[in-house]
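Below: the structure, in structure tokens.
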Amino acid sequence: MQKQEQQTVKKPAQTVRRILFWVCIGFAVCYIAYYVVCKFFLGTVEITGRSMQKTIYGGDRVILQNENYTPQQGDVVVVAENGTGLDTAIIKRVIAVAGQTVDIDFTTGTVWVDGEMLDESSYTVNGSTTDRAGVEFPQTVPQDCVFLLGDNRGASEDSRDPKVGMVNTHFVLGKAVMVIYPLHHIKLL
């Protein structure tokens, strides 16, 4: 009788160990897959500042697509700090790519690309665009460069600023594709 009770006790303990083993294996596989995907295809970045407000807020964490990515007009991108004259990486919207001509009417706050006014009402804060001394418009974007503006133009250091200027695409770390944190900000970009 006692031997039967011992076997009954051993079976649940073995089952629990097996379950824990497979749970640990599952976590390890998920971690390795996450690492590989983030290392080679996607990355995550925590945003600081308010230059992209209305679209992305300080403290938001975004996923970047960085494998085989070429910046396109309208994309939100992250630029490495050594790609600008600033001491930090930046996140901005691509307004124009190589060969396009950008003009800004600082009186009305409108941006023109190749003679067409951009409708920025869905992402800019009050559609404002402020002048930065030292950059004359219109500007044609050089080869392998992009012209970037923050969505919150009054609080953005971007291509209007001589320190930043046109950004070489070599320094673009990737396209922001999704806000993943905090939970109430989750959205595709």
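The values are calculated or read from the model by the stated rules, or taken from the named source; none is laboratory data. Only a predicted model underlies this, so the values are computations on that prediction, with no experimental measurement involved. Counting neighbours? That spans all protein chains shown, and the Cβs are built from the backbone with ideal geometry, glycine included. Keep in mind that these areas ignore ligands, DNA and RNA; they rest on the heavy atoms of the full protein, side chains included. Shrake-Rupley method; radii C 1.70, N 1.55, O 1.52, S 1.80 Å.
Mind listing whichever residues of the range 130-167 are over 18 Å from Thr110 (Cβ atoms) and within 17 Å of the chain's Cα centre (by Cα)?
If the condition is that a residue be over 18 Å from Thr110 (Cβ atoms) and within 17 Å of the chain's Cα centre (by Cα), then Val146, Glu157, Val167 are the ones that fit.
Considering only the range 30-46, I want to know if a residue exists there that is modelled with pLDDT of 90 or more, of a type outside the set (A, V, I, L, M) and more than 12 Å from the chain's Cα centre (by Cα).
Narrowing the range 30-46 to residues modelled with pLDDT of 90 or more: none.
Among the residues of the range 30-46, not one is modelled with pLDDT of 90 or more, of a type outside the set (A, V, I, L, M) and more than 12 Å from the chain's Cα centre (by Cα), which makes the answer no.
Pairs needed: first member in the range 138-159, under 19 Å from Gly115 (Cα atoms); second member anywhere, open to solvent by less than 10 Å² (accessible area, probe 1.4 Å) and in a loop (DSSP other than H, G, I, E, B); C-beta distance under 6 Å; at least 6 residues apart or different chains.
What qualifies is Phe147/Val141; Phe147/Ser159; Leu148/Asp158; Leu148/Ser159; Leu149/Asp158.
I'd like to check something: does the range 125-134 contain any residue that is assigned to a strand (DSSP E or B), open to solvent by 10 Å² or more (accessible area, probe 1.4 Å) and acidic (Asp, Glu)? Give the derivation first.
The first filter runs over the range 125-134 and keeps only residues assigned to a strand (DSSP E or B), leaving none.
Scanning the range 125-134 turns up no residue that is assigned to a strand (DSSP E or B), open to solvent by 10 Å² or more (accessible area, probe 1.4 Å) and acidic (Asp, Glu).
If the requirement is being closer than 27 Å to Leu189 by Cα, at pLDDT 80 or above and in contact with a His (Cβ under 6 Å, 6 or more places away or on another chain), which of these qualifies: Asp87, Asp60, Asp103, Asp75?
Working: Asp87 fails: in contact with a His (Cβ under 6 Å, 6 or more places away or on another chain); Asp103 fails: in contact with a His (Cβ under 6 Å, 6 or more places away or on another chain); Asp75 fails: in contact with a His (Cβ under 6 Å, 6 or more places away or on another chain).
Residue meeting the stated conditions: Asp60.
Inside the range 1-29, can you point out the residues that are at pLDDT 65 or above and among the aliphatic types (A, V, I, L, M)? Break it down into steps so the answer makes sense when it comes.
Pass one, the range 1-29, residues at pLDDT 65 or above: 11-29.
Residues satisfying the conditions are Ala13, Val16, Ile19, Leu20, Val23, Ile25, Ala28, Val29.
Taking only the range 140-183 into account, find how many residues are in a loop (DSSP other than H, G, I, E, B) and surrounded by fewer than 15 Cβ atoms within 10 Å (Cβ to Cβ).
The initial filter retains those residues of the range 140-183 that are in a loop (DSSP other than H, G, I, E, B), namely 141-144, 150-152, 156-166, 182.
In the following step, the residues that additionally are surrounded by fewer than 15 Cβ atoms within 10 Å (Cβ to Cβ) were identified as 142-144, 162-163, 182.
Of the residues in the range 140-183, 6 are in a loop (DSSP other than H, G, I, E, B) and surrounded by fewer than 15 Cβ atoms within 10 Å (Cβ to Cβ).
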